[in-house]
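K.L.:
Okay, here's the structure, questions in a sec.
The values are calculated or read from the model by the stated rules, or taken from the named source; none is laboratory data. The model shown is predicted, which means the values in this text are computed figures rather than measured ones. Neighbour counts run over all protein chains shown; Cβ positions are idealised from the backbone, glycine included. The accessibility values were calculated without ligands, DNA or RNA, using every heavy atom of the protein model including side chains. Shrake-Rupley method; radii C 1.70, N 1.55, O 1.52, S 1.80 Å.
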Amino acid sequence: MEKLLQDIRYGARSIFKSPRFTIAAVLTLALGIGANTAMFSVIRSVLMRSWPFSNPGRLLLVSQRQANGNSNLFSTQDYLDWKQQGGLLAGMGAHVSWQFNISSPGEPPQRIAGGVVSSEFLPVLGAQPRLGRLFSAQQDQPGAGQFVMLSYAFWTSRFGADPHIVGRPIQVDGAPYTVVGVMPAGFNGFDGKELLWTPLQLRRDSGIGASPNVHWLSGIIRLPDGAGLKQARSQLDAVATRLHREDPGSDVGFGVFVQTLNDAFTSGVRPALLMLMGCVGLVLLIACANVANLLLARGAARQREMAVRTALGASPFRIVRQLLTESVLLAGAGGAAGIAMAFLLLRAVLAVHPPQVPRIEQTSIDGPVLAYSFVSSMVVGILFGLAPAIEAARINVNDGLREKPGLAGCGFGRQRSILVIAETALSCVLLIATGLALRSLWSLRNVELGFVPGNVLTFRIAAPSQLGAQSLPDFYHRMVDQIRAIPGVESVAVARDFPLGGTDPSTPILTEGKTPAPVEGEIVSRYRAVGDDYFRVLQIPLLQGRGFDARDTASAPAVAIVSESLARKYWPAENAVGKRLKPKIAGSSWCVVVGVAADVRHWGADVVIEPTAYYPYSQVPESMRSLVEANMGIAIRSRLSQSELLHSINAAVAGVNPNVPVYDVKTMDSMLSDSGSLRNFDLSLLAAFSLLALSLAAVGVYAVMAFSVSQRTREIGIRMALGATSRDVMRLVLREGARLAIAGSVLGVVCAFFLRKIMTTFLFGLSANDPIVLSIVP
């Protein structure tokens with residue numbers, strides 16, 4: 001221990017004697033360690049943090065397998081049928097994300113996020129209420145009454161943490177709901193934003209439950225002790241096989257998918273985050289190579305010192321230990337500076353994070369992240385210090401004592417060149433990845449969306465629950481008329497969901513004649529309930545026929561408009577106008593196709609086009625009405641700004657019903673930006689890391705060349721004395737630097753070629769072997 005303390009004291013003195021060297025090394029390490037710490041904190045929060053439920057590793061999300069092999073939500077009938085199979089599914093809970101209108105006398109209406117759940121859902125999560133109790137099985141029965149559970153956050157903010165709230169009624173969607181209990185602090189559902197819950201009260205014989213093809217429920221089960229995911233899948237596959245044998249035509253026989261919570265909520269972002277973590281790892285390696293180069297240069301200047309220490313009896317092991325101690329001290333200082341830099345980097349990341357990344361807003365520099373930074377610093381200190389330390393320990397004492405100060409051995413030169421080639425190759429790999437991502441993003445910008453998002457403002461409203469089924473269309477008609485009368489509004493449309501927002505259901509359809517068999521992985525058709533002027537507001541071209549208008553009322557013959565891809569799929573080489581189709585939904589009628597619309601990329605520029613059928617929302621069957629018409633979106637085309645329109649919109653909505661809040665106000669341009677925000681986020685970080693790597697590599701090349709020239713001063717002087725010009729000397733030096741850069745670039749292109757399979761998953765409309773990027777980057 002005494003010798004170690006002696007090494008630390010000597011190492012600290014040695015470092016402080018060279019302030020310029022120390023500052024350069026610490027800043028270089030701070031960049032690499034800071035980027036790694038910030039990225040690890042994001043990885044930990046999104047992919048590694050435990051879910052706030054009891055033993056979350058035993059929870060599995062269950063979804064239904066469709067005829068096309070896709071995963072989908074459960075229909076009411078299939079959910080109840082699967083629960084009846086017993087075993088793992090006997091206690092399966094069901095959940096639907098929902099939003100509610102909350103109103104109180106003297107307060108403005110408020111729209112809040114919540115969930116509609118079965119009585120098994122909260123117990124499956126292991127939740128225990130802070131006040132009151134959970135929903136009982138009797139309260140989850142149809143006709144049992146109206147009940148609500150409050151989150152701790154909503155209880156404290158809206159009701160002042162009233163300890164007597166249990167048993168009292170509150171106004172939810174314009175009706176009294178009895179408060180059953182209050183959940184503990186920190187419990188806010190899967191997405192961390194749910195504020196209250198009501199019971200599902202499922203029924204098979206009416207409403208949504210009457211249709212086996214309306215998929216709207218997500219399921220969750222808890223694995224019993226001793227059972228694993230593989231065993232659960234095996235049991236459920238066996239149940240699916242039996243059900244299919246008993247009823248080959250039923251959806252329930254196609255089976256179910258099971259996923260852990262982490263897989264279900266993070267599988268879409270995990271590859272991108274792991275790729276970015278690999279990128280910052282490369283940046284850290286480049287930083288290590290740079291500091292190793294600095295240490296090699298410093299070691300060349302300390303050859304006489306090492307020779308003297310060896311002559312006085314220091315063993316090679318003691319020399320290595322001393323130099324590694326100095327390296328670890330440098331790394332510790334770089335790690336401390338890196339943590340400070342990580343706080344700044346993390347603030348920048350959180351400022352631009354996309355909404356698709358779950359739990360990223362919970363990211364922080366906490367104890368485990370600090371421990372990771374400490375361990376990284378120690379490993380890095382050994383990594384960049386080992387080669388210079390071993391090289392110094394091999395010094396020849398006689399040569400070292402005779403050599404003039406400042407002359408380097410050939411071993412140092414070779415190692416420095418190798419390190420520069422390596423860091424140039426690594427930075428080349430990152431730059432190629434960035435170049436490919438930029439080209440891919442450019443390809444996305446040129447994709448035809450099928451609609452015009454500019455100058456369109458959207459928002460959502462929800463009809464009060466006390467309105468009868470016959471009053472709902474009239475409520476939205478009056479709402480649209482009020483908004484259409486606002487000065488500056490060009491056109492208005494109402495729809496269940498608009499492109500880039502919402503999750504319209506996928507629904508099989510029947511057609512007169514031959515219906516194509518489902519194709520694996522392909523959506524059969526999307527069900528979109530829309531109103532008059534929908535195609536005009538979004539400027540979706542109608543290729544044949546007409547759009548919906550005032551004639552298409554609930555009492556008129558049922559009609560539909562199909563997308564070009566759906567028409568081509570079901571009526572190839574025919575005119576689809578005048579054909580008939582029928583969505584496989586309980587209570588649906590045969591619909592006459594009155595128009596064919598251009599294909600629309602509903603979910604984003606990088607998502608495949610899906611065959612879509614549009615129906616007038618006033619003709620939605622009764623089984624779909626509560627799911628469609630209770631919560632609708634309105635789109636306005638206008639050249640006025642959002643701030644100019646919003647006051648008038650609120651006044652128009654209040655003129656129809658003052659208890660209906662306007663919420664989720666967005667321009668369609670912002671929705672388009674959000675749909676590509678994950679790609680933009682990945683590209684922004686990738687570009688930042690690549691530029692950082694390029695800067696470090698450039699510094700590395702400069703350091704090697706500057707050191708090389710300083711060691712060849714005598715040689716250069718002799719060359720000039722013999723007639724060499726300044727241009728000849730410059731050409732000599734640049735040729736040597738170019739040789740290192742070219743070698744690193746070639747190696748980088750080769751490495752990028754072997755990594756092309758990873759990059760392919762992140763590219764759109766582009767090959768990972770794109771010749772433009774592979775030629776420009778080097």
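K.L.:
What ranking of MET624, MET378, MET48 comes out by heavy-atom accessible area, probe 1.4 Å, highest first?
P.N.:
Largest accessible area first, the residues go MET48, MET378, MET624.
K.L.:
Students often get this wrong: which residues of region 77-115 have the backbone nitrogen under 15 Å from the point 7 angstrom along Cα-to-C-beta of GLN231?
P.N.:
Once the point is set 7 Å along Cα→Cβ of GLN231, 87-89 turn out to lie under 15 Å by backbone N, inside region 77-115.
K.L.:
Let me ask something else. For the chain, take the alpha-carbon Rg, divide it by the Kirkwood Rh, and send me Rg/Rh. Please report the intermediate quantities before stating the final value.
P.N.:
On the way: Rg = 33.3 Å, Rh = 30.9 Å.
Expressed as Rg/Rh, it is 1.08.
K.L.:
Continuing with the same structure: Just want the answer: with Cβ charges of +1 for Lys and Arg and -1 for Asp and Glu, which residue in PRO109, GLY34, ALA144 is farthest toward the dipole's positive end in region 1-144?
P.N.:
Of PRO109, GLY34, ALA144, it is GLY34.
K.L.:
Which is farthest toward the positive dipole end of the chain among VAL777, ILE8, TYR570, measuring Cα position about the Cα centre, with Cβ charges +1 (Lys, Arg) and -1 (Asp, Glu)?
P.N.:
Of the listed residues, the answer is ILE8.
K.L.:
Leaving ligands and nucleic acids out of the surface, order ASP669, ASP682 by accessible area at 1.4 Å, largest first.
P.N.:
In descending accessible area the options line up as ASP669, ASP682.
K.L.:
Taking only protein heavy atoms into account and a 1.4 Å probe, give the accessible area per residue of the chain in Å².
P.N.:
Result: 44 Å² per residue.
K.L.:
With every protein chain left in place and a probe of 1.4 Å, what is the accessible surface of LYS582, to the nearest 10 Å²?
P.N.:
About 60 Å², rounded to the nearest 10.
K.L.:
Continuing with this model, one more query. Nearest 0.05, what FRET efficiency do VAL452 and LEU646 give at R0 = 22 Å with Cβ-Cβ as r?
P.N.:
0.55
K.L.:
Report the accessible area of ASP504, computed with a 1.4 Å probe over the heavy atoms of all protein chains in place, in Å² rounded to the nearest 10.
P.N.:
ASP504 exposes around 10 Å² with every protein chain in place.
K.L.:
Given VAL320, ALA437, PRO473, which one lies farthest toward the positive end of the charge dipole of the chain, if we put +1 on the Cβ of every Lys and Arg and -1 on the Cβ of every Asp and Glu?
P.N.:
Among VAL320, ALA437, PRO473, the one farthest towards the positive end of the dipole of the chain is VAL320.
K.L.:
Please state the charge dipole magnitude for region 571-628, taken about the Cα centre, from unit charges on C-beta atoms (+1 on K and R, -1 on D and E), reported in debye and rounded to the nearest 20.
P.N.:
That gives region 571-628 a dipole magnitude of about 260 debye.
K.L.:
Of the beta bridges DSSP finds with both residues in the chain, what % are antiparallel, to the nearest 5? Walk me through the numbers on the way to the answer.
P.N.:
Values: 61 of 78 bridges.
The antiparallel fraction comes to roughly 80 percent.
K.L.:
May I ask you to rank TYR476, TYR702 by accessible area, largest first, using a 1.4 Å probe over the protein chains only?
P.N.:
TYR702, TYR476
K.L.:
Using the alpha-carbon centroid of each, what span in Å lies between region 20-47 and region 666-724?
P.N.:
Cα centres, region 20-47 to region 666-724: 17 Å.
K.L.:
For SER18 and GLN146 in the same chain, what is the full-extension length gain: residue separation times 0.36 nm, less their Cα-Cα distance, in nm?
P.N.:
Result: 38.6 nm gained on full extension.
K.L.:
Let me ask another. What is the helix-to-structure angle for 642-656, meaning the angle in degrees between its Cα long axis and the longest Cα principal axis of the chain, kept from 0 to 90 and rounded to the nearest 10?
P.N.:
That works out to roughly 20 degrees.
K.L.:
Separate question: Taking the Cα centre of region 40-179 as origin and charging only Cβ (+1 Lys, Arg; -1 Asp, Glu), how large is the dipole, in debye to the nearest 20? Let's see the in-between values first.
P.N.:
On the way: 10 positive and 7 negative charges, 93 e Å.
Dipole of region 40-179, to the nearest 20 debye: 440 debye.
K.L.:
Give, rounded to the nearest 20 debye, the magnitude of the charge dipole that the chain has about its Cα centre when Lys and Arg contribute +1 at Cβ and Asp and Glu contribute -1 at Cβ.
P.N.:
The calculated dipole for the chain is roughly 3100 debye.
K.L.:
May I ask you to derive the relative contact order of the chain, considering only C-alpha pairs under 8 Å and at least 6 residues apart, and to give it as an integer percent?
P.N.:
It comes to 18 percent, rounded to a whole number.
K.L.:
Same structure again: Spelling out what I want: for every residue of region 582-597, take phi, set θ = phi - 60°, compute 6.51 cos²θ - 1.76 cosθ + 1.60 (Karplus), and round to whole Hz; glycine and proline get x.
P.N.:
Coupling constants for region 582-597: 9, x, 7, 10, 4, x, 6, 10, 5, 10, 7, 6, 9, x, 10, 9 Hz.
K.L.:
GLU622 accessible area, nearest 10 Å², 1.4 Å probe?
P.N.:
110
K.L.:
Could you please state, rounded to a whole Å, how far the C-alpha centre of region 240-277 is from the C-alpha centre of region 111-138?
P.N.:
After rounding, the separation between the Cα centres reads 25 Å.
K.L.:
Just the number, please: carbon plus sulfur as a percent of the accessible area of the chain, 1.4 Å probe, no ligands or DNA/RNA counted.
P.N.:
Looking at the chain in its full context, I get 60 percent from C and S.
K.L.:
Additional query: Using helices alone, what [θ] at 222 nm do you get for the chain, with -39,500 (n - 2.57) per DSSP H run of 4 or more residues, divided over all residues and rounded to the nearest 500? Intermediate results must be reported in sequence, preceding the final value.
P.N.:
On the way: 24 runs with 372 residues, N = 778.
Mean residue ellipticity at 222 nm (helix-derived): -16000 deg cm²/dmol.
K.L.:
Ok, one more. Under 8 Å for C-alpha pairs, at least 6 residues apart: give me the relative contact order for region 117-233, rounded to a whole percent.
P.N.:
Once divided by the residue count of region 117-233, the mean separation gives 32 percent.
K.L.:
Give me a comma-separated list of calculated 3J(HN,Hα) values for region 31-43, in order, Karplus coefficients 6.51, -1.76, 1.60 applied at θ = phi - 60°, integers in Hz, x for any Gly or Pro.
P.N.:
Each residue's phi maps through the Karplus curve to give 4, x, 6, x, 4, 5, 5, 4, 5, 5, 5, 5, 4 Hz.
K.L.:
Same structure again: Could you order the peptides 326-337, 538-549, 283-294 from most to least packed, using the average number of other C-beta atoms within 10 Å per residue?
P.N.:
Peptide ranking by packing, descending: 283-294, 326-337, 538-549.
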